[in-house]
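Every read-out reported here was derived from the displayed coordinates using simple, explicitly stated rules and does not represent laboratory data. All figures in this text were calculated on a predicted structure; none of them were measured in a lab. Using ideal geometry, Cβ is built from the backbone for each residue, glycine included, and neighbour counts are taken over all protein chains shown.
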Amino acid sequence: MKKMMTKKAKQNAITYGIVIIGFLAMQLLSATGHMSSSLSGLLIPFCYYVILAVSLNLVVGVLGELSLGHAGFMCVGAFSSVFFTKCMENVITNSVIRFIIALIIGAVIAAIFGVLIGIPVLRLKGDYLAIVTLAFGEIIKNLVNVLYIGRDGNGFHFSMKDSLSLGMEPDGQVIVNGPQGITGIPKDATFAIGVILVLITLFIVLRLVDSRDGRAIQSIRDNRIAAESIGINVTKYKLMAFSVSAGLAGIGGALYAHNLSTLSATPKNFGYNMSIMILVYVVLGGIGNIRGSVIAPIVLNLVLDYFLRKMQMLGNNVVLQFLSDNRMLVYAIVLIVIMLFSWSPKMIEWRERVFHKKAKEEA
Amino acid sequence: MAMLEVKNLGISFGGLRAVNGFHITIEKNQLYGLIGPNGAGKTTVFNLLTGVYKPDAGSILLDGKDITGEKDIEISKAGIARTFQNIRLFSQMSVLDNVKVGMHNHHEYSVLAGIFHTPKYKKEEALMDEKAMELLKVFDLADMAETNASNLPYGKQRRLEIARALATDPKLLLLDEPAAGMNPKETGELMDMIRFVRDHFDMTILLIEHDMKLVSGICEKLTMLNFGEVLAEGATSEVLNNPQVITAYLGE
């Protein structure tokens, strides 16, 4: 018994270790002046991509349901946390404390949205669930685009029409300005905080999967009817996985937003493309494989970044333009290749041959 | 008092009366068989007993407690566990975890306790590990505790399913065609095992089976179901020699 526990703990320790070693390597690079500017710009994105991929893996890999609305929860976390930061900009001057509170607010509100959306949506399964979560993600993005919130001496004003209809005093300040979003955000996010958030996300997800509740969630994935027959409350555990995942996506969104000076909800950052991109990370890293979700976003981004820079050096502007315009095309191709790799009979045969060879050598 | 007392149980699907006026009384520690031709409604009776379907008539008393129309979760907590005709294991989970999920409602701790590994978490997990390993030892699966359930051979999957059902600490165990797909030798081992489970866990067992060797070998009483209605019931030899049962099911 003891031996097995330590084996699981060892696997988890390796995952934490990868993150910490990655962090130290990056610190070393920047301390010795070897960090390129494009790479240093990717450090915080790495953190929120990993958080988003790990949290989506909780729904896709552990619960076994396909959700395409992850960017919607990220959007909720981003806007609610930045709204708090803007309101408290002059009240709490310590940026770290302000950011921690903003993160908690972003996570909690995103998790509440997860519950609210999860209650009607989780009655569906498979493709239907994917379609409806996709729709909810788009709805959240579009709602944020018509949201106007201002503040003056009398308090907060809301409108869904335009900033004039807020009816504020002359001294009022528009905080959320519809499609223009929120401007002048203090850049509270740092790489160190990002890495700590990645570690917290991993801690929550890995520990959850290895607990009584995590087993219940996995049992629903493997066989819902059998899970019900042994007294598992299917609705409760589906909602739990969905809302924890949404809350963690909220943290990812908050980290994303505090790395920008202007936050607006566009199809590019909170739309369908973002949800698909996170899904590509999850699939590339392996569905249900948490460590894979840590590695995949970083590797994929590094490869793309390297490729783009190579093209830039070669002065191949046509290819460069095409690639940066069609990032989604690259992701689509990656998805198709992975699908072929994991499901084509020829590939399965090949993998089994290689795998069995390894197993024999170990024995 | 009887362990299970069912009276006048019935359900319709559309215009089809799938089960009508079904009744059964099973005493504690009894090994009871439910037989009948394909489509007679045997599995439907199991689904009614475990709360998958809600009966539109009749009553179900488990150990004196009325569980008619309760949800499957409540019925599992009340003490009915089952296996399935086509094996339903948690295939991507380890053999040990399959059994531990079965103990879900007996060892509780909060989500936060699970995340922060509080002393309660450690205590409950250790207890679950210990109890699960004991069960696995009984079913000769202990050395495969870490294997994925889907990698077990067929016979062991059947045994694991029974182990998981027993992990819910039931009063009544329902086995849906436990010998399906087994050769005579495996069926013989299965018969010994069912008897062993009854004696070792002091269990009451109701099973559906088409294999008459198994039925006549281990069942003390039988109910024969035909077109959703009870055609015959009583001691095994009586039912198997009943002329109506022979015409409707066994053949001359």
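Along the axis of the charge dipole computed for the range B:92-167 (Cβ charges of +1 for Lys and Arg, -1 for Asp and Glu, origin at the Cα centre), the listed residues B:132, B:160, B:113 are led at the positive end by B:160. Among beta bridges from DSSP that stay inside the protein assembly as shown, the antiparallel ones total about 65%. Taking springs between alpha-carbon atoms closer than 10 angstrom, which of A:217, A:333, A:140 fluctuates most in the Gaussian network model of chain A? Ranking A:217, A:333, A:140 by mean-square fluctuation puts A:333 first.
Rounded to the nearest 20 debye, the dipole size of chain A about its Cα centre is 1380 debye, using +1 on the Cβ of Lys and Arg and -1 on the Cβ of Asp and Glu. Seen against the Cα atoms of chain A and their longest principal axis, helix A:126-145 is set at about 20 degrees.
From least to most packed, judged by other beta carbons within 10 angstrom and beginning with the fewest, B:87, B:35 follow the order B:87, B:35.
With a/c under 1.5 counting as rounded, go ahead and sort the range A:89-196 into rounded, prolate or oblate using the C-alpha gyration tensor (a ≥ b ≥ c being the square roots of the eigenvalues; past the cut-off, prolate if a/b is larger than b/c, else oblate). Verdict is oblate for the range A:89-196.
A simple spin-label model places pseudo-atoms 7 Å from Cα toward Cβ; at residue A:324 and residue A:28 they are separated by 3.2 nm. Against chain A, whose longest principal axis is taken from its Cα atoms, helix A:43-57 shows a tilt of about 60°. Springs between Cα atoms under 10 Å define the GNM used for chain A, and in it the highest mean-square fluctuation of A:206, A:66, A:39 occurs at A:39.
In a reduced charge model with +1 at each Lys and Arg Cβ and -1 at each Asp and Glu Cβ, the protein assembly as shown shows a dipole moment near 1580 debye about its Cα centre.
Ordering A:328, B:128, B:193, A:74 by the number of other Cβ atoms within 10 Å of each residue's own Cβ, fewest first, gives A:328, B:193, B:128, A:74. The alpha carbons of the range B:92-167 give a radius of gyration and a Dmax of 12.8, 39 Å, in that order. Among B:107, B:210, B:23, the largest mean-square fluctuation in a Gaussian network model of chain B, built with springs joining Cα atoms closer than 10 Å, belongs to B:107. Put in line by how crowded their Cβ is, counting other Cβ atoms within 10 Å and starting with the fewest, A:334, B:215, A:76 read A:334, B:215, A:76. Here the sum of -39500 (n - 2.57) over DSSP H runs of 4 or more residues, divided by the residues of chain B, equals -11000 deg cm²/dmol at 222 nm, to the nearest 500.
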